[in-house]
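Just so it is clear, none of the values below were taken in a lab; they were calculated from the coordinates. Everything numeric here is computed off the predicted structure, so don't read it as measured data. Positions of Cβ are generated from backbone atoms using ideal geometry, with glycine treated the same way; all protein chains shown enter the neighbour counts.
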Amino acid sequence: MLTGPEYQELLELRRLVQEQEQKIEQQSQQLRQQQTQIENLTQALLHARKKLFGPSTEVTQVEGQMSLFGQEELLHSLRQGQEEIVITEHKRKARQPGVRAEMIAALPVEVERCIVDPKEQCPVCKSPLIKVGEKAVRTEVIFQPAQLKVRQYIQEVYKCSQCGKEGSEYEWGRGRALCRER
């Protein structure tokens, strides 16, 4: 049997061994965490490089010499561990003609007239112009909070009272309000 001082020394050594084992276990755990963190950072770096430079068509070198004809097997083995992601097809209906007119038909209409000065004259023969019709130049949908309305711009169309007659020395030119020489 062990005497008092030897027993105390043995107890002290056991305590020291336990402390060392605990320290080793803590360091092992810390090492595993660091290895996991290094692996995660490496994967993040590879992913960032792939996003930055695009996917690579090159295959990394495998231990030993690479065969010219064994590439398909290598690619197949690399792809086996990857999951396939299925993305459902998205379809959008094409706009039908007349949909805009149908949508704005129920909205109140504000008409903005672009009126020609009554003193305006034919630039060619200086005769007074007469109104022959109107045409819509532009249609806008205006949104005001809690209110939608349509503003339509109408331009009056004029022709010369002298040039527009049959047999005059000037001719009416293709729906324009300007006279043309024959």
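Which of the residues belonging to the range 2-24 are outside any helix (DSSP H, G or I) and loosely packed, with under 10 Cβ neighbours inside 10 Å?
Correct list: T3 only.
Give the range 82-113 a look and list any residue that's over 13 Å from T139 (Cα atoms) and small (G, A, S), or say none.
Once the filter is applied, which keeps residues that are over 13 Å from T139 (Cα atoms) and small (G, A, S), the range 82-113 yields A94, G98, A106.
Please go through the range 143-159 and give me each residue that is in contact (Cβ under 8 Å) with a residue 12 or more places away in the chain and either in contact with a Phe, Trp or Tyr (Cβ under 7 Å, 6 or more places away or on another chain) or exposed (fewer than 12 other Cβ atoms within 10 Å of the Cβ) (or both), ordered by number.
Residue satisfying the conditions is K159 alone.
Give the range 99-116 a look and list any residue that's part of a loop (DSSP other than H, G, I, E, B) and over 14 Å from C160 (Cα atoms), or say none.
Those that are part of a loop (DSSP other than H, G, I, E, B) and over 14 Å from C160 (Cα atoms): A105, A106, L107, P108, I115.
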